[in-house]
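Participant: Please see the structure below; I have some questions.
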């Protein structure tokens, strides 16, 4: 079993998915000095936040499409746990990438998905602990695949 970094950073889905897939080379933050997290460099666990609104999902899915990537269905995106690992190699104020929105960017290298580990998240970098599966949020109705309406019994085609 691989040793996972003890420090994690929560990222809302589907952005966490883009990070672990290596599509998104930078994680945007609004952090300002003297935040000690701005000095961090090194390996970290990528935590997918519990929350994800329909609006967040749709905006991200549209952006992914513009970048040439297919966003998974909302119900297929794990939330409320560790979904991957990466290495922060720099923290920048400018970055030549359409994924950079600023004002600060954590430049992520060597990102990779891992098997989902449920755990609680927190703001900023945090030491994570393996959680219980009942901590994982239920899939909201809007996230579930829609089923086509069934045809009325006895109708003629």
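Participant: Just the residues that are crowded, with 17+ Cβ neighbours inside 10 Å and either in a loop (DSSP other than H, G, I, E, B) or free of Cβ contacts under 8 Å to residues at least 12 places away in the same chain (or both), please, taken from segment 5-20.
Facilitator: 5, 12, 13, 14
Participant: Right, here's the next one. In segment 94-135, what residues are part of a loop (DSSP other than H, G, I, E, B) and either without any contact (Cβ under 8 Å) to a residue 60 or more places away in the chain or out of contact with any strand residue (DSSP E or B) (no Cβ under 9 Å at 6 or more places or on another chain) (or both)? Step through it out loud before you land on a result.
Facilitator: From segment 94-135, those part of a loop (DSSP other than H, G, I, E, B) are 94-103, 119-124, 128-132; that's our starting set.
Of everything in segment 94-135, those that are part of a loop (DSSP other than H, G, I, E, B) and either without any contact (Cβ under 8 Å) to a residue 60 or more places away in the chain or out of contact with any strand residue (DSSP E or B) (no Cβ under 9 Å at 6 or more places or on another chain) (or both) turn out to be 94, 96, 98, 120, 129, 130, 131, 132.
Participant: Which numbered condition in (1) farther than 15 Å from residue 142 by Cβ; (2) not in a strand (DSSP E or B) is the only one that residue 82 fails?
Facilitator: (2)
Participant: Moving on to the next point. Taking the stated definitions as given, is residue 31 surrounded by 12 or more Cβ atoms within 10 Å (Cβ to Cβ), assigned to a loop (DSSP other than H, G, I, E, B) and modelled with pLDDT under 95? Can you show your working first?
Facilitator: Details: surrounded by 12 or more Cβ atoms within 10 Å (Cβ to Cβ): yes; assigned to a loop (DSSP other than H, G, I, E, B): yes; modelled with pLDDT under 95: yes.
Spelling it out, residue 31 is indeed surrounded by 12 or more Cβ atoms within 10 Å (Cβ to Cβ), assigned to a loop (DSSP other than H, G, I, E, B) and modelled with pLDDT under 95.
Participant: If you don't mind, there's one more thing I want to ask. Could we say that residue 131 is at pLDDT below 95, closer than 19 Å to residue 5 by Cα and surrounded by 16 or more Cβ atoms within 10 Å (Cβ to Cβ) here?
Facilitator: Numbers: at pLDDT below 95: yes; closer than 19 Å to residue 5 by Cα: yes; surrounded by 16 or more Cβ atoms within 10 Å (Cβ to Cβ): yes.
When the stated conditions are applied, residue 131 passes them.
Participant: Within the group 61, 109, 73, which residue is under 13 Å from the mean Cα position of the chain (by Cα) and at pLDDT 95 or above?
Facilitator: Details: 109 fails: under 13 Å from the mean Cα position of the chain (by Cα); 73 fails: under 13 Å from the mean Cα position of the chain (by Cα).
Only one candidate qualifies: 61.
Participant: Taking segment 114-136, which residues are under 22 Å from residue 41 (Cβ atoms) and within 15 Å of the chain's Cα centre (by Cα)?
Facilitator: First pass over segment 114-136, keeping only residues under 22 Å from residue 41 (Cβ atoms): 114, 121-128.
The answer is 114, 121, 122, 123, 124, 125.
Participant: Right, next: Using the structure shown, decide if residue 91 is surrounded by 15 or more Cβ atoms within 10 Å (Cβ to Cβ), more than 15 Å from the chain's Cα centre (by Cα) and in contact (Cβ under 8 Å) with a residue 40 or more places away in the chain. Step through it out loud before you land on a result.
Facilitator: Values: surrounded by 15 or more Cβ atoms within 10 Å (Cβ to Cβ): yes; more than 15 Å from the chain's Cα centre (by Cα): yes; in contact (Cβ under 8 Å) with a residue 40 or more places away in the chain: yes.
In short, yes.
The values are calculated or read from the model by the stated rules, or taken from the named source; none is laboratory data. What you see is a predicted model, and the numbers here were worked out from it, not measured in a lab. With ideal geometry, Cβ positions are generated from the backbone for all residues, glycine too; neighbour counts draw on all protein chains shown.
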